[in-house]
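Please read the structure below before turning to the comments.
What follows draws every value from the coordinates through simple rules; no lab data is involved. A quick note: this is a predicted structure, and the numbers were derived from the prediction, not measured. Quick reminder, even Gly has a Cβ in these numbers, built from the backbone with ideal geometry, and neighbours come from all protein chains shown.
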Amino acid sequence: MGELGIISLLALVVIVGVPVAIVAAAIVYVLRLARRGTQATLADAAKRRELA
């Protein structure tokens, strides 16, 4: 691990961080669906798209 440069360490963080972020977003979405229901969740997403 000592020979890893800052670039290699940064690349490792990105490679590991992207799948972790995707899994975290999926968990949040599934929990939101379970708590609020499909219709309310999709309606909120549509409202956000209209505002953007």
- prompt: Just to be sure, is I7 under 18 Å from the mean Cα position of the chain (by Cα) and in a helix (DSSP H, G or I)?
  reply: no
- request: Of the numbered conditions (1) assigned to a helix (DSSP H, G or I); (2) loosely packed, with under 10 Cβ neighbours inside 10 Å, T41 fails exactly one; give the number of that condition.
  value: (2)
